[in-house]
Each structure stands twice: as structure tokens, then as C-alpha cells.
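See below for the structure under consideration.
The values are calculated or read from the model by the stated rules, or taken from the named source; none is laboratory data. What you see is a predicted model; the values in this text were computed from it and never measured. We place every Cβ from the backbone using ideal geometry, glycine too, and count neighbours over all the protein chains shown. Remember, those area values only see protein heavy atoms, side chains included, never the ligands or the DNA or RNA. Shrake-Rupley method; radii C 1.70, N 1.55, O 1.52, S 1.80 Å.
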Amino acid sequence: MKENLIKGSEIVCKALINEGVDTVFGIPGGAILPLYGTLNKFPELKHILTRHEQGACHAADGYSRTTGKVGVAFATSGPGATNLITGLATAMMDSVPLVAITGQVGRPAIGTDAFQETDITGATLPVTKHNYLVMKASDIGSVMHEAFHIARTGRPGPVLIDIPKDVFDELAEYDFSKDSKIDLPGYNPYLKIDQNQIEKAVDLINEAKKPIILAGHGVIISKAQNKLLEIAEKAQIPVVTTLLGISAFPEDHILSTGFPGMHGMAYASIALDEADLIIAIGSRFDDRIVGNAKRFGKNSKKIHIDIDPAEINKTISIEAPILGDINEVLGLLNPKVDSKTHPQWLKEVEHFKSEHPSLMIPESETLLGQQVIKTLSDLTDGNAVVCTGVGQHQMWAAQHYTFNKDSVWLSSGGLGTMGYEIPSAIGAQIGAPDKTVWSICGDGGFQMTIGELATVAENNLPIKYAILNNNHLGMITQWQDMFYNGQNMHETYTGNPDFVKLAEAYGIKGIRVDNQNDLEKAINEANNHKGPVVVDFVIEKVDYVFPMIPAGGSVDQLIEEEKK
Amino acid sequence: MSNGIHRRTIVALVHDKPGVLARISGLFRRRGVNIESLAVGHSEQKGFSRMTFVVGGAENSVKNISSQLNKIIDIVDASDISEKNIVWRELALIKVKCNQSQRVEILELSKVFRVNVVDVGINNITFELAGGKSKIDSFVELLDQFGVMEVMRTGRIATLRGATKIGINDGEFGESNSSDIYIADKDASGSV
């Protein structure tokens, strides 16, 4: 009889602690009860009880994006596990490192359609970087450490570990020094950078007359913000960011040229189109930026720096790929790039900015979403942690908030998950307790995960929720107006709750603002309040997000402002 | 080629454990890639299997399918060897109707094709035949007059010629990198 035998559930907790985890988000249920039974023995692990597993997963995601650590979510089998899927898919699309641990029905019951049984490893195959069904407790240790390794290295992503109820109770040995040795011949995240690729890219950069950098989320993941700034300044290359690349480059910098694409700044899309060299750094040429792939960047050669080989030539043909971690690649690339000034090109870009200002807020008697964001940006010095949902408010936030060096931007860019705004802010605030977290919400998405306000209240998290409330699914109204002959269907809410009263019902301070005069006062009041606040900004019913390039279109179809 | 179907031959070294094929076939499925043939067997390394896929699909779906496959953790290495100098074979078992009076004629024909007889019944005969696609196709066509009862084919297995091992370092992103798709000639066969 071996002496060091402990329960599978204890191995899970010990492995979490060894991986540096301090916070987990989750909801207990039948199949995962053995793990919850053990959790109390480990006060190092703080558990945040959410109201829905989707909330747990988004909160873990927000925690990860704010801290750079791996987020952890717990859920039970069956519905608990399937409720995670939207959160996992969100993290998968945006390369966010998560480890989700789900309970499974006991081993003898697997495959019998037992109560709360779902094949969750089967169901989550396309939305996880990898997943496991652990069939014996002696595997838990090595699987846990493998999962964290896979989640956080290479192109990060979510990993799910499914553990049957009786495996949590099974006894096994756990030896950190042995179990944390990774042996994965099929997984090599540390790519050796090819000098030839670097040389080829350097030649293209040094020859380019009109280079532009397209910086994506990869820059933030790789913590390469300083190296990005270095190359941009050294070779005087204007920088556009992707939606998720926002906050990778200081927006008050002279070389900052906004973000291009469907709702990006017109000047950014034009500059990208006019360039003779696009240097894509940690971006994946998403269709919201590219539009018509045949037409995209017709004047330019492309350099693509990415850690994921599968992204090279996926949608756009690349002349010079460089595979590797961005921070390392730029470390090799930057010294070889010539110092340049590109005066003619920079003048041209300045001209695009002055000719296509893009961020003009229309004259209005009533309160506009854009005004709310602009004022919020000013009153937080562009320094807040900003979460968003998906839709018009998200685009206005991306456009009108000026993100400075210390800001953090959390938005579901790839999957476009409405309902991300409330729970992601929970994770963000826990991850950054000393920072001001503003979550910018639409009245639609807010109601998708509204139950998490209870989690906010319970933990007294001082999050400021700004609802841009127009009683519409605003982006749907906009698309129906523009592309479906103005036939507005199922985009108006006539039964929205009173969000101020609702907040108060949760024990959260509620403020309503329905005119421009009260805007500053309300935001200051929210900023100064010690606890959570919900500010219900009643904004203009129908307002459009501009500029806009219709889906699948190109810069030739750019619509800069509303035609009255 | 015809109907815009682009065909690729992919060889993968994979962990020999449950669920690996589901991960691979899931990837093909969600990219609209059809598996035309699949052969799996143990490799020279313990605990690892080698799979040979012939897959077909739209140009964009199959273009970088091997790099997508390499993202699957349980795949040690996947290589698209369509453009490489390869040898390939498949094995077929062909059961054909054959009464006593036809037996001599059929056996003569089989000699031309260097085919093995693996089973003889009173009214049927089963051949084993290894080779490229066209060799098997022609033999099946030839037997058609007698009445082919059943054709079982393993699908293609393939390897690079010479001492080069199939591996990730054979220049997926080298100088010659191009998105041009090589389309295997329908009638081309292995080195018959």
C-alpha cells in the first residue's frame, strides 16, 4: 500500500495551486461535488460563485485578459458543461488561455445516457485548443499540467478537462516534479525563428516607400508593446490596430492611425489600402478587416508575423511570413530595420486623417452613445479597463475611447458574443482590483447575462456598468435599415426593465442619464462611488455607426457618414 | 480538377489512443473536406500510428489543411506530400464470380497483373492485388465480364522516395512556398 495516496479532487486543487492559480469561477453540481467538497481545504483558491456557467467562463476570460494568467472555470456535467461552450468559443476565437474543469457522470454510467450526462469532450472539440477525458486519478496530475502548458503557450486558447465523479474520489499519487514534466511530441509551441524569413522581411521593410503596421491581439499576448513602439518609431511606420489590437499602441501617438475595417476609421482603411507594404503583427486578417479578400491591400506586399503557422496564407497571400513569438521576432527584426523618416508617406497619412476625420459626433439635441464614450474617455484619462458587449456600443467604444498606455481593452472580437460585458468585467475587476473597470453595455447584451449582477453585488466589485440604452438591438436596426429595405423586425424592445430599479433590486447603485447636461456629473458620481454602479444612459433611439464598409466589401464601398 | 475538387495526399504520425481520429475527421468536416481514402496502422514507433489520407475539397479548404492538422495536439506531424516525389500503394481484395469452365481463363489474366489468389470457392474466386489506383481499376474493369461480387480497397498508403523521412522540416514555408495547388492526375498511379 502506497502512503502518498490522495483523492483525485485534491490532486486537481494542488495542481491548480502549483500552476499559480488563485481564483476560480464556477457553479457546483452533482458530478463535480467531490471537487467542491475538497475545495474548502485549500483557502489559497478563491472561488467566485457565478449565476450561470457562461458567466463563469467569461469571467475567467476577463480575468485572463487583464492579468495575462490562465483563467479557470468549474462546471458540472451535462447542462453545466454545455453552458460553458459559448465562453470557450469566445476564448478560442480570441486566443485567450483558459482551463475549464467539468465534472462527468461516474465511469460506470458513461455512455448510458445517465442523468446530466453529455459527451462534453466531443461537443467542445471545435471550440477548445485541446481537451481531455480523464479516466483514472493517476492521470489527473499530468493532464492538469499539460492543460496549463497548452493553454498558455504558443497561440493560447481554452483547454477543457472532463473528470468523472468517481475519479475525483479515487486515490492516486501526485508528484509535482514528475507530473509537471511535459512530454508532448505533437506540440511544439517554441518555434525556432528562421533567419531567412527575417532577412526577407527586413529587405521588404527597408525598400518600402509606404509601409504600414497592422498590429493585432498577438502583440498584447506576447507583451511586445514596447518592441512595436520601437520599430514604428525607428522606421517611422504608421500603425493601425485590429479591434483586439486596441491598446497595443498608444492612441495619442503621432503614428497611431486608428483601426481599419468594417467600422474602423476611414483614414485607417484608406491608409491600409494605399500602403505598399503591410506588416501584419499578430493579426489574422479577419474578414471584418479584410472584407473582399481579392481586393484587400491590392497595392501592397505583405509580411505576416505570427506564432500560428496555420494563419499564414489562410485568407491573404503573404510574400514574407515570419513564424515565431512576436516579442522574439521583433527583437531580431528591429535592429536590422533601417532608421527612416518616410516624410512623403506620413504626410499622405496625415492628409487621410484630415480629409476623413471619421469620428465626428453628429449634432444632436438628445444624448448620443458616442458622446457618452467620449466623455467617459476624458473623465478616466483613457486609463480604464474597458469591457464591452457586441454591437453599436462596442464599435463606439472602440472608436471614441482614447486608449492610453495603461488601458486594458476586453471585447469579444472574434466570436462577437453578446452577454460578454457583465461577466468579463467581473473577472477583470478581480484581476485588477486597483483599476477602474468600466463595462460598456448595450441594453440587449446586458439582459443576456444580467443574472451576474448578483455576483457583482455579492462580491461588492466596484465595476461601473454603462448601458447605452436605446431599447433596440441597434446594430440590427442599422443593418435592416441599410441592407434589408428598412424592414425593422424583432429589433425593438418594448418590455425592457427599469435598469435603475433593477440595479437597486440587486443592491447596486443605479443612475439614469437622459440628457447631455447630466452626462459628466453622472460619470463622476459613478467613478467616485466605492461600490458597483449601473448607469442607464438613455440614448437616441436610432443612430448608426459610421464609418462603415459593408460585409465583404472594400475601401471602395466606404460609407463615411449618414446621408440625411 | 473536375468539379473544382482539389485532391491532397496527407501522411500523419499520430498518438495511438481513443478520440484521435474524431479530432482529425472533425477538422475535415468543419472545413468541408471529404475523406476519399484513409489507411491507419501502427508505425515504427511504439504508441504511435501512421495515417494516410487522400482528401478532396475546394481549393481554399485543402490549401493549408496540413498546417491546420498540425494544430491538433495528438498529431505529432502531418505532412501534405501531394507535391513530393512519393511512392504509394493500395491493397484490394476482389471477389469475382467464376464457374469451373472460367477458372483457367481468369487465372491466366491474373498472372498478367501479378495478382495473388487468396481464396477459391466453387463459384467464386478472390484476388489480392497491391498497386496504384489505375492498376486496380483496370483489373476490376477486366473482371467485370465475369461478374465482380465485391471490391474491398484499403485506400492509399504513401511515403517519400529515398531516405527522406516525412517531417515538418521539409520546407512548408521555404522559398518555394506558393499557394498554387498541385492537382494529382486522376490516372496517375504509384510506381507500377
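Summary of values
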quantity: Condition met for B:Ile166 (modelled with pLDDT under 90, closer than 20 Å to B:Ser82 by Cα and surrounded by fewer than 17 Cβ atoms within 10 Å (Cβ to Cβ)); calculated: no
quantity: Scan of segment A:232-291 for residues that are in a loop (DSSP other than H, G, I, E, B), more than 21 Å from the chain's Cα centre (by Cα) and under 16 Å from A:Ile318 (Cβ atoms), ordered by number; calculated: A:Ala275, A:Asp276
quantity: Test: A:Ile322 is within 14 Å of chain B (Cβ to nearest Cβ), within 30 Å of A:Arg155 (Cα to Cα), part of a strand (DSSP E or B) and in contact with a strand residue (DSSP E or B) (Cβ under 8 Å, 6 or more places away or on another chain); calculated: yes
quantity: All helices (runs of 4 or more DSSP H) inside segment A:450-564 with 3 or more residues being within 20 Å of A:Gln394 (Cβ to Cβ); calculated: A:474-483, A:519-528
quantity: Residues that are open to solvent by 40 Å² or more (accessible area, probe 1.4 Å) and within 14 Å of another protein chain (Cβ to nearest Cβ), drawn from segment A:130-141; calculated: A:Leu133, A:Met135, A:Lys136, A:Asp139
quantity: Number of positions in segment B:63-105 that are assigned to a helix (DSSP H, G or I) and either within 14 Å of another protein chain (Cβ to nearest Cβ) or crowded, with 21+ Cβ neighbours inside 10 Å (or both); calculated: 6
quantity: Residue check, A:Leu229 open to solvent by 10 Å² or more (accessible area, probe 1.4 Å) and of a type in the set (A, V, I, L, M, F, W, C); calculated: yes
quantity: Those residues of segment A:1-33 which are farther than 14 Å from A:Leu171 by Cβ and in a strand (DSSP E or B), in sequence order; calculated: A:Thr23, A:Val24, A:Phe25, A:Gly26
quantity: From the options A:Ala310, A:Ala271, A:Ala293, A:Ala266, residue that is surrounded by fewer than 20 Cβ atoms within 10 Å (Cβ to Cβ) and within 25 Å of A:Val545 (Cβ to Cβ); calculated: A:Ala293
quantity: Residue match in segment B:10-32 (condition: open to solvent by 30 Å² or more (accessible area, probe 1.4 Å), within 10 Å of another protein chain (Cβ to nearest Cβ) and assigned to a loop (DSSP other than H, G, I, E, B)); calculated: yes
quantity: Where B:Asn64 falls short, out of the listed (1) touching a residue at least 12 places away in the same chain (Cβ under 8 Å); (2) within 14 Å of B:Arg7 (Cα to Cα); calculated: (1)
quantity: Checking A:Ser300 against (1) closer than 20 Å to B:Ser67 by Cα; (2) open to solvent by less than 60 Å² (accessible area, probe 1.4 Å); (3) in contact with a strand residue (DSSP E or B) (Cβ under 6 Å, 6 or more places away or on another chain); (4) at pLDDT 95 or above, the condition it does not meet; calculated: (1)
quantity: Within segment A:163-198, tally of residues that are within 14 Å of chain B (Cβ to nearest Cβ), of a type outside the set (Phe, Trp, Tyr) and surrounded by 14 or more Cβ atoms within 10 Å (Cβ to Cβ); calculated: 10
quantity: Single condition B:Glu150 does not satisfy, out of (1) open to solvent by 50 Å² or more (accessible area, probe 1.4 Å); (2) without any contact (Cβ under 8 Å) to a residue 40 or more places away in the chain; calculated: (2)
quantity: Residue match in segment A:370-391 (condition: among the β-branched types (Val, Ile, Thr), open to solvent by less than 10 Å² (accessible area, probe 1.4 Å) and over 24 Å from A:Val240 (Cβ atoms)); calculated: yes
quantity: Count of residues meeting criterion [away from chain A (no Cβ under 11 Å) and not in a loop (DSSP other than H, G, I, E, B)] in segment B:33-55; calculated: 16
quantity: Matching residues in segment A:325-369 - criterion: being surrounded by fewer than 17 Cβ atoms within 10 Å (Cβ to Cβ), in a loop (DSSP other than H, G, I, E, B) and among the polar types (S, T, N, Q); calculated: A:Ser339, A:Thr341, A:Ser364, A:Thr366
quantity: Single match in B:Leu69, B:Leu107, B:Leu91, B:Leu143 (criterion: touching a Ser or Thr at 6+ places or on another chain (Cβ under 6 Å) and of a type in the set (A, V, I, L, M, F, W, C)); calculated: B:Leu91
quantity: Residue check for A:Ile150: crowded, with 22+ Cβ neighbours inside 10 Å and free of Cβ contacts under 8 Å to residues at least 60 places away in the same chain; calculated: yes
